[in-house]
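Okay, so here's the structure we're looking at.
The values are calculated or read from the model by the stated rules, or taken from the named source; none is laboratory data. The model shown is predicted, which means the values in this text are computed figures rather than measured ones. Methodologically, a virtual Cβ is constructed for each residue, glycine included, from the backbone with ideal geometry; neighbour enumeration extends over all protein chains shown. Quick note on the areas: whole protein, heavy atoms, side chains included, nothing else; ligands and nucleic acids left out. Shrake-Rupley method; radii C 1.70, N 1.55, O 1.52, S 1.80 Å.
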Amino acid sequence: MKTALLVIDVQKGMFPENNGVYKGEMLINKLKFLLTKARSKNTPIFYIQHNAGEGKALETGTDGWDIHPEIKPHKNDDIIQKFTPDSFLNTLLDDELKKQNIKHVILTGIQTEACVDTTCRRAFSMGYKVTLVSDTHSTWDSGEITAQQIINHHNGVLQWFAEVIPAGEIKFI
């Protein structure tokens, strides 16, 4: 089964100095590890890039909108533009996956309870085999619960839609 790695919204605007995404440095390091493994097996890589409105952290065309420089795409990687939490809604993602006969998506990225969750459920509903990398998605504390609690909760809930495993167990064939 042909597989692709999806990197959702890992953009510079998610890493402001005063309020970066939870365990941001660890997230980047694990993503670099997965990207290296994927590239060594010629696994297709799709970067999902969120486009936000004026004044937002991911405002289209601004420095914050750029993909994080430590994991920047290579020339053969695909970059999919999106405007909602759903990486499939009104984007080219499904078309591009189908062009490459991809049936299995491995999900990573930001923000656990929004774009990662929504994309995971949607991919499952569209018939893709889905793997969520349990230690390679992140968020921020909410007013009520910590980022780690949000991540833990979603790793549990999303088992209904995906195989949920850590980066060290991901195998690219």
When the range 35-66 is checked residue by residue, the ones that are part of a strand (DSSP E or B) and free of Cβ contacts under 8 Å to residues at least 60 places away in the same chain are Ile45, Phe46, Tyr47, Gln49, Ala52, Glu59
Hey, any hits in the range 92-114 for a residue that's assigned to a helix (DSSP H, G or I), β-branched (Val, Ile, Thr) and surrounded by 14 or more Cβ atoms within 10 Å (Cβ to Cβ)? yes
Within the range 23-42, is even one residue among the β-branched types (Val, Ile, Thr), open to solvent by less than 50 Å² (accessible area, probe 1.4 Å), under 22 Å from Val130 (Cβ atoms) and within 16 Å of the chain's Cα centre (by Cα)? no
Of everything in the range 17-34, what is aromatic (Phe, Trp, Tyr) and assigned to a loop (DSSP other than H, G, I, E, B)? Give them in sequence order. Tyr22
Looking at (1) of a type in the set (D, E, K, R); (2) at negative phi; (3) touching a His at 6+ places or on another chain (Cβ under 6 Å), which is the only condition Asp9 fails? (2)
Identify, please: which residue in the range 54-91 is of a type in the set (Gly, Ala, Ser) and open to solvent by 40 Å² or more (accessible area, probe 1.4 Å) and is, among those, nearest to the chain's Cα centre (by Cα)? Ala57
Which residues, counting only those in the range 132-159, are buried (at least 16 other Cβ atoms within 10 Å of the Cβ) and of a type in the set (Gly, Ala, Ser)? Ser134, Ser138, Ala147
